[in-house]
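In what follows, a single structure is set out as structure tokens and then discussed.
The values are calculated or read from the model by the stated rules, or taken from the named source; none is laboratory data. The structure presented is a predicted model; accordingly, all values stated were derived computationally and were not measured. Every residue, glycine as well, gets a Cβ built from its backbone with ideal geometry; the counts of neighbours run over all protein chains shown.
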Ligand code: AMP
């Protein structure tokens, strides 16, 4: 079965065509600046193409990308009919959509109802779904939610300590994000250990531009650092992560800003960018720290310290830990961070071997001899999870 995986943003659309069940990527690409001037990147058969093409809307982008897929020169299929199903990444499924679903009028309505929980993402995801319906009528479509893996968290982990009626009235609770990634790497980790995920307690650290950590207890995400929105938890590239909520009022009063403006600062100008004043990219910050920039070094230290604290907290939450996984841009690529994030955790059986840790962007077990907790680097693959769920649902 050939599955087209779509990750639609407000003015961009990432895609992959996968051959399932093998999971082979036949082609992948990106349409950007949709509704502006239209740019594309496309990769297939070891060749990379990029250029400009007018794309007024997401339907134009879908039409363009499918024309690339069937193109006589650079295409990978003969005709559109070969696309058996489409899988969409949808950021929030709220409380009702706790597993992947076939797109129907009813599920589209439910995704629409979740817009207040992901106002930047769900409308764009829906636009992608509607564009595919228009361009590929009759092809089954599936929605896979970022929040789904966290849907079985216990109430004590997802209720905020604010008046309970705000949960019942507005659905204010922890939902968590990066669920497909946490699910994928925890399953891969169990596989690598030759065990069932249901027999393990795993801490998954998805560390990228956006970062979150999950406690995966016997296959269930029982706690995660992101909350109602992806702003909570660790300090990130540009997001503050956890702060005292009273800071919002202090900033409004002192800077004459509205709550919306302060939240914009917390989302886009904070995190390691805000502290360092250098960049949101961890590579730039590392380079600046190396040259003696003290605030860049501080931003790094804060990030490392925060990850370490959550590893400790989640080990306590699960009554122990069998494995720790590092994934995403920073987790997969930065050996220095991995080493520092696990330094001093020998007391709980965690120790990373510096030589084994000398890897970048590929699977590796990096556990030092004598450590009782195993540590892994596992590249995430959210597209594969989306394609797997899509295949399973579409072939029913
Ligand atoms: P992601 O959001 O998962 O794409 O991750 C993006 C982050 O990963 C950026 O802050 C990058 O600096 C970081 N990153 C990507 N590649 C590397 C690398 N080779 N070494 C260190 N950090 C990296």
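When the residues of the range 337-358 are filtered to those that are touching a helix residue (DSSP H, G or I) at 6+ places or on another chain (Cβ under 9 Å) and in a helix (DSSP H, G or I), which remaining residue is surrounded by the fewest Cβ atoms within 10 Å (Cβ to Cβ)?
348
Restricting to the range 1-32, what's the tally of residues that are over 10 Å from residue 61 (Cβ atoms) and outside any strand (DSSP E or B)?
Number satisfying all stated conditions: 7.
Can you name every residue in the range 244-268 that is surrounded by 14 or more Cβ atoms within 10 Å (Cβ to Cβ) and assigned to a loop (DSSP other than H, G, I, E, B)?
Once the filter is applied, which keeps residues that are surrounded by 14 or more Cβ atoms within 10 Å (Cβ to Cβ) and assigned to a loop (DSSP other than H, G, I, E, B), the range 244-268 yields only 257.
Please report, ordered by residue number, the helices (runs of 4 or more DSSP H) entirely within the range 148-229 with at least 3 residues that are within 16 Å of the ligand (Cβ to nearest atom).
Hits in the range 148-229: 179-193.
If you take just the helices (runs of 4 or more DSSP H) that sit entirely in the range 34-137, which of them hold at least 3 residues that are more than 30 Å from residue 169 (Cα to Cα) and more than 19 Å from the chain's Cα centre (by Cα)?
Qualifying helices (runs of 4 or more DSSP H): 58-69, 122-135.
Inside the range 291-319, can you point out the residues that are touching a strand residue (DSSP E or B) at 6+ places or on another chain (Cβ under 6 Å) and surrounded by fewer than 20 Cβ atoms within 10 Å (Cβ to Cβ)?
Matches in the range 291-319: 317, 318.
Restricted to the range 359-369, and to residues that are over 13 Å from residue 321 (Cβ atoms), without any contact (Cβ under 8 Å) to a residue 60 or more places away in the chain and crowded, with 16+ Cβ neighbours inside 10 Å, which residue is farthest from the ligand (Cβ to nearest atom)?
Checked the range 359-369; the qualifying residue farthest from the ligand (Cβ to nearest atom) is 368.
Does the range 285-336 hold any residues that are part of a loop (DSSP other than H, G, I, E, B), over 24 Å from residue 156 (Cβ atoms) and either more than 13 Å from the ligand (Cβ to nearest atom) or over 23 Å from the mean Cα position of the chain (by Cα) (or both), and which are they?
Of everything in the range 285-336, those that are part of a loop (DSSP other than H, G, I, E, B), over 24 Å from residue 156 (Cβ atoms) and either more than 13 Å from the ligand (Cβ to nearest atom) or over 23 Å from the mean Cα position of the chain (by Cα) (or both) turn out to be 291, 292, 293.
Take the conditions touching a strand residue (DSSP E or B) at 6+ places or on another chain (Cβ under 8 Å), buried (at least 16 other Cβ atoms within 10 Å of the Cβ) and at pLDDT 95 or above and apply them to residue 180. Does it pass?
Yes; evaluated as a whole, the condition is true for this residue.
When both residues are 6+ apart or on different chains and their Cβ atoms are under 9 Å apart, which pairs have a first residue that lies in the range 319-340 and is on the phi > 0 side of the Ramachandran plot, and a second that is away from the ligand (no atom under 14 Å from the Cβ)?
So the pair list comes out as 319/201; 319/217; 320/201; 320/348; 320/349; 320/373.
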